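What follows draws every value from the coordinates through simple rules; no lab data is involved. Since the structure is predicted, the reported quantities are computational estimates derived from the model, not experimental observations. In this analysis, Cβ positions are derived from the backbone assuming ideal geometry, glycine residues included, and neighbour counts consider all displayed protein chains.
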């Protein structure tokens, strides 16, 4: 057989001691020696000739390390943490099992150099070192392994989230020299919170305090986060801040620049572009920068000597990754705080049940302002019941009760007014005006809609429904279940023709608006910041948020209302918020009192009685009925597991974009929930991972999807 390169010079012979070692290993294992697939006859490295590699294969039955030989030519570059390419197939050997898999070249990370291997046969050699830049640190590897184990996922999948794709131009540029540590800042507005000043002092002194921080309403939270980061940098350590989106990352970025100047922190967001983002990430990995502000993927940022991890608004769904194994930023940062013994700060203007549990368990201390501070900072909140809205003459003209109408008129005298609408669009879904039964197509049961006020049509099959009547009560009158932002903006534009009306939503999100009078119609999470604060705010269609069939419906509604109301001026400046929702409901009352912590504590107590998360641990298993029944039966689940279900999943709506985890269009899937008490979560994840690995190893083609700690459990 001819060599791969006829003109290549003959390779140097292997050292005699290395040959003897390989021959003795082969003789004992009684396995015929296999020639390396890509480095035929290549001399091996004289020291530590074995490379332990994690291949970039996310399948669970390959979630382990593989040993490869290190050619002498790659000895200098093949260091732990670098990216490599290997021949994965015949000649690629499984650690401790000696089996061979697949074929072809594949990317991977070199995890460790060793003097010997556990495998009894000859090893394939590393094909190449992609780059000598070490991008995988031991701390990141340990964190990724902990995350994979917690979420029943593979290490390769987690590292796909943790290490960004390589960019050669960014890698070739040197990173700047690190700046000296800045002086510790004054407590500033942190003094408004009970233990706030002490928290900053602990960070500046090299401590690792853990706290759940309920921020006061207003635009000042980015400055307070910046002070916490500056205090940590002053102690000679690094800091990491994760926020839900690029808009809020930009606000924290601006606050840090104003406090510390340029060059002391990196901004890691998707908006930066791949080259700039990778260049910033490398500056962090090389130790040139010790502070990071970013969105979800920044939770794995390799900050040197980490002293603080901070998360803003942990209830935002953006913090839950939609790629396997679906980690949540809050849980990952908790793991980092424990593994790296650093400080932890969880902040929001609201409070999630998980945050309340951290305080109740004693793992973190609360940072809350006293009631006098809250009353001065929060706006006046007034309620309007949905029954009053239905009887109100003004509602028929502009879908606003008289109180809301008056609030808008008064607010426009001194500044902009915010109007929060639960969704974008025009009139996406309709329901019976009398009993509110959703209006559905008689042919396919799809939802009926009247786009741009035209005739009724099905959103799924497109058929018209001119003679629709309610199947429950017989009524022929319809109402919009949720009127979208565009329709609301049109109504308000007709009501206030002399005032500009602006919209902010998914397709066009405003960052800021000036202090001039204007009506700003926004969907939740897209509210722009107003210079000097909004004069007033309307929170419309509260029943639509609270009526979702979800365990977190009340918590999410209160969080969205609180985020919007926090942008309104305080009571002392005349700020007013009107919420259109049933006044007696608990989330509405919590907003009126501005008591998100009390609401979270009561929710936690109720979930503890019922055994719901976060008091228990849950996992969802979805797939075809036969597949999930066989999976659950053979999974070897812990003895204290409780199986809830199966229940059918809704058929995927062809009219909306598909999301990760959706069943294939047209297929009927079911879901099973597995619940275990505290202390058994690790055993449940291990059992699910083992069972899924066995299925993939057998080549089972029936899809079974696993999600540990699912956000939506109905």
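Over segment 490-537, what per residue volume does the convex hull of the Cα atoms give, in whole Å³? Kindly include the intermediate steps, with their values, before the conclusion.
Numbers: hull volume 3.8 nm³, N = 48.
Looking at segment 490-537, the number lands at 80 Å³ per residue.
Arranged from highest to lowest average of other beta-carbon atoms within 10 Å per residue, in what order do the peptides 254-260, 495-501, 670-676 appear? Could you put the intermediate results ahead of the total?
Details: 254-260: 17.7, 495-501: 14.3, 670-676: 20.4.
With the highest mean Cβ count within 10 Å placed first, the list reads 670-676, 254-260, 495-501.
Please work out the ratio of the alpha-carbon Rg of segment 55-212 to 2.2 N^0.38 Å and round it to two decimals.
On the way: Rg = 21.4 Å, N = 158, 2.2 N^0.38 = 15.1 Å.
Output field value: 1.42.
How high is the FRET efficiency between residue 304 and residue 437 when r is their beta carbon distance and R₀ equals 60 Å, given to the nearest 0.05?
0.50
For 326, 300, which order do you get if you count the other beta carbons within 10 Å of each Cβ and list the fewest first?
Values: 326 21, 300 27.
Listing 326, 300 from fewest to most nearby Cβ atoms yields 326, 300.
Under a crude label model (7 Å from the Cα following the beta-carbon direction), how far is residue 372 from residue 341 in nanometres?
That separation, rounded to one decimal, is 4.1 nm.
Between residue 529 and residue 258, 0.36 nm times their residue separation minus their Cα-Cα distance comes to what?
Values: separation 271, 0.36 × 271 = 97.56 nm, distance 1.83 nm.
Result for the pair: 95.7 nm of gain on full extension.
How big is the gap, in Å, between the Cα center of segment 251-285 and the Cα center of segment 182-221?
22
Distance in nm between label sites at residue 409 and residue 116, each 7 Å beyond Cα in the beta-carbon direction?
9.0
Rank the residues 339, 61 as a footprinting-exposure proxy: fewest other Cβ atoms within 10 Å of their Cβ go first.
The fewest-first ordering by Cβ neighbours comes to 339, 61.
Set the Förster distance to 22 Å, then compute FRET efficiency between residue 181 and residue 363 from the Cβ-Cβ distance, nearest 0.05.
Result of the calculation: an efficiency of 0.15.
What is the pair-distance distribution P(r) of segment 190-374, computed from all Cα-Cα distances in 5 Å bins starting at 0, with each bin given as a whole percent?
Percent of Cα pairs in each bin: 1, 8, 18, 23, 23, 15, 7, 3, 1, 0.
How much length, in nm to one decimal, is gained on full extension between residue 494 and residue 475, taken as 0.36 nm per residue of separation minus their Cα-Cα distance? Each step should come with its number before you reach the end.
On the way: separation 19, 0.36 × 19 = 6.84 nm, distance 2.99 nm.
Residue separation times 0.36 nm, minus the Cα-Cα distance, leaves 3.8 nm.
For residue 166 and residue 647 in one chain, what is 0.36 nm times their gap in residues minus the Cα-Cα distance, to one decimal in nm? Don't skip to the end; give the middle numbers.
Numbers: separation 481, 0.36 × 481 = 173.16 nm, distance 4.31 nm.
My answer for the length gained is 168.8 nm.
Rule-of-thumb check for segment 208-279: C-alpha Rg over 2.2 N^0.38 Å?
Details: Rg = 12.9 Å, N = 72, 2.2 N^0.38 = 11.2 Å.
Output field value: 1.15.
Quick check: Cα centre of segment 331-379 to Cα centre of segment 582-600, how many Å?
With segment 331-379 and segment 582-600 each reduced to a Cα centre, they are spaced 19 Å.
Suppose R0 equals 41 Å; then what is the FRET efficiency for residue 47 and residue 197 from their Cβ-Cβ distance, rounded to the nearest 0.05? Don't skip to the answer; put the middle values down first.
Values: r = 54 Å, r/R0 = 1.31.
According to the calculation, E is roughly 0.15.
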